[in-house]
Amino acid sequence: MTQQSTTLSRRAFLDVAAKGTLASSALISGFPTIVPASVFGKNAPSNRINVAAIGTGRISRGHDMPGVWQYDNARIMAVCDLDSQRAEDAKRLVNEYYAKKSGKDYDGVRVYTDYRDLLTNKDIDAVIVSTPDHWHAPIVIDAVRAKKDVYMQKPASLTIAEGRMMADAVKQTGRIVQVGSQQRSSPQFRYAAELIRNGRIGQLKTVYVGLPGDPSGDEEPQMPVPKNLNYDMWLGTTPDVYYTEKRVHPQMGYDRPGWLRCEQFGAGMITGWGAHHIDCAHWAMDTEHTGPVEIWGKADFPKSGLWDVHGIFRTEALYDNGVHMVVSNEIPNGIRFEGTEGWVFVSRGDAAVTASDPTAKQQAAKKLDASDPKLLTSKIGPNEIHLPVSNEHHGNWLESIVSRKEPIAPVEVGHRSCTACLLHHAAMKLNRRLYWDPKKEQFKNDAEANAMLSRPQRNEYAIKAVASSR
């Protein structure tokens, strides 16, 4: 079944959500029958976390929905996508998984094509946000105001300003929000951070962050908007531009989408993979709630073509603690920490989240390496710094929903990691040294740079600001 379109505007939805008077799920007809508890193991239906997936493309199908449905205490009960064809595909995917798991026919997934309608369903406890980057913050803000817990894909936001609005909204509502910085749930990244925090390489001096690269593309012709795609809403807060398939996502299959290479919707690899690696660098540097104070660098940008995110680049930053960070796509993919007494390198190795990920396997074969092999067998003593342990990122989120304790990648930390990435992007664009105040979250005496903290937003989809809770 397909959710019928409504005239509910985003601003009207926000006004209703802010008053805590969302429409009762009893008003929503045709809700699928609750299936027996045996389908989901020993967990009673009343104890299950009802989850909805918003955005059902490549990362959702290959990573986020499987990450949740593997747990018996959670059930994916709804899917939503602005591409109705993808929404129906997701419904089939989830129904088929639960049917195979139970050995019985299953048809318990509802389809939505507007997330605002989904958020009015009070039977839904939590949502997974796996949309393009420009929709992350708006949906998370709406979801937490609708009293939903959230798992959101990284990067946290399109701009620093909307990231701050999102983090404030989460704090004010008290919802559990996990940022999809899943490297925190990989043991080698945690261990590397503990080695650095506990002084195994002496005083940390320099951090090298290597990211994959992104190719440019050709000019692409205007095409008719597919009948199955709500393209105007897909553009969201961003400017109205003509439709062409490579600007959005493939209409056949789930290969890597073209929007990843358009600055209108994201910043390219500096946030795409930078949000992972800089986040883990901050973890090791003990700078999760702050950021750099000076940033500079340069990058090559395509001079023509649809895809216009940065190409070859090298940016650098200084932190208040004296650590110097270098970020570039010409450095092996991973993070190298250099101190006064040695170095440690950490990466994903050849692991990939999806089959189309640019993992640069030839440059990052080792998950963990060090100047002295003995470092890699060093035991972290009982009186030393031990970082939080998560064995699986989606599972950690579900545990936090039950316990109401902070997850391993909370939204404030994710916002700071994304902010650092966007500062590097600003340095690429302005090609000069920038000075940042992490407390005020503003550039110092630099109106041109501060103008980049936000972007103009189309009125219908504009984010409604909330007062800062800091």
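A search for C-beta distances below 6 Å between a residue of region 292-312 that is closer than 11 Å to Arg261 by Cα and aliphatic (A, V, I, L, M) and any residue that is at pLDDT below 95 and assigned to a loop (DSSP other than H, G, I, E, B), counting only pairs 6+ apart in sequence or on different chains, returns Leu306/Gly217; Val309/Asp214. Could you tell me whether Tyr254 is touching a residue at least 24 places away in the same chain (Cβ under 8 Å) and either buried (at least 22 other Cβ atoms within 10 Å of the Cβ) or within 21 Å of the chain's Cα centre (by Cα) (or both)? It is true that Tyr254 is touching a residue at least 24 places away in the same chain (Cβ under 8 Å) and either buried (at least 22 other Cβ atoms within 10 Å of the Cβ) or within 21 Å of the chain's Cα centre (by Cα) (or both). Of note, Pro407 satisfies the criterion of being closer than 28 Å to Ser186 by Cβ, assigned to a loop (DSSP other than H, G, I, E, B) and in contact with a Phe, Trp or Tyr (Cβ under 7 Å, 6 or more places away or on another chain).
Mind telling me which of the residues Lys91, Lys148 ends up being among the basic types (Lys, Arg) and open to solvent by 10 Å² or more (accessible area, probe 1.4 Å)? None of the others qualify; the one that does is Lys91. Just one of (1) part of a helix (DSSP H, G or I); (2) in contact with a Phe, Trp or Tyr (Cβ under 8 Å, 6 or more places away or on another chain); (3) not polar (S, T, N, Q) fails for Tyr435. It is (1). Filtering region 378-391 to residues that are more than 14 Å from Asn198 (Cβ to Cβ) and open to solvent by 50 Å² or more (accessible area, probe 1.4 Å) leaves Pro388, Val389, Asn391.
Of the residues making up region 73-117, those that are aromatic (Phe, Trp, Tyr) and closer than 11 Å to Gly55 by Cα number 2. When only residues in region 220-242 that are in a loop (DSSP other than H, G, I, E, B) and touching a Leu at 6+ places or on another chain (Cβ under 6 Å) count, which is farthest from Glu341 (Cα to Cα)? Looking at the filtered set, the residue picked out is Asn230.
In region 280-357, counting only strands (runs of 3 or more DSSP E) that sit wholly within it, the ones holding 2 or more residues that are open to solvent by less than 30 Å² (accessible area, probe 1.4 Å), over 30 Å from His249 (Cβ atoms) and aliphatic (A, V, I, L, M) span 324-328, 342-346.
Residues in region 255-269 that are outside any helix (DSSP H, G or I) and more than 14 Å from Thr238 (Cβ to Cβ): Asp255, Arg256, Pro257, Gly268. Flag: Val309 does not match the condition of being modelled with pLDDT of 95 or more, farther than 30 Å from Arg58 by Cα and of a type in the set (A, V, I, L, M, F, W, C). Of everything in region 424-467, what is within 14 Å of Glu162 (Cα to Cα), open to solvent by less than 80 Å² (accessible area, probe 1.4 Å) and of a type outside the set (D, E, K, R)? Give them in sequence order. If the condition is that a residue be within 14 Å of Glu162 (Cα to Cα), open to solvent by less than 80 Å² (accessible area, probe 1.4 Å) and of a type outside the set (D, E, K, R), then Asn450, Ala451, Met452, Leu453, Ser454, Gln457, Tyr461, Ala462, Ile463, Ala465, Val466, Ala467 are the ones that fit. Comparison of Gly199, Gly213, Gly217 shows that the only residue that is modelled with pLDDT of 95 or more, open to solvent by less than 70 Å² (accessible area, probe 1.4 Å), assigned to a loop (DSSP other than H, G, I, E, B) and not polar (S, T, N, Q) is Gly199. Taken together, the criteria exclude Val177 from residues that are of a type in the set (Val, Ile, Thr) and either touching a His at 6+ places or on another chain (Cβ under 9 Å) or over 20 Å from Trp283 (Cβ atoms) (or both). Set side by side, the residues Asp114, Asp142, Asp64, Asp83 differ, and just one is of a type outside the set (Gly, Ala, Ser) and open to solvent by 10 Å² or more (accessible area, probe 1.4 Å), which is Asp114.
The values are calculated or read from the model by the stated rules, or taken from the named source; none is laboratory data. Just so it is clear, the model here is predicted, and its values are computed rather than measured. Backbone-built Cβ (ideal geometry, glycine too); neighbour counts: all protein chains shown. Side chains included, ligands, DNA and RNA excluded: accessible areas come from the protein's heavy atoms. Shrake-Rupley method; radii C 1.70, N 1.55, O 1.52, S 1.80 Å.
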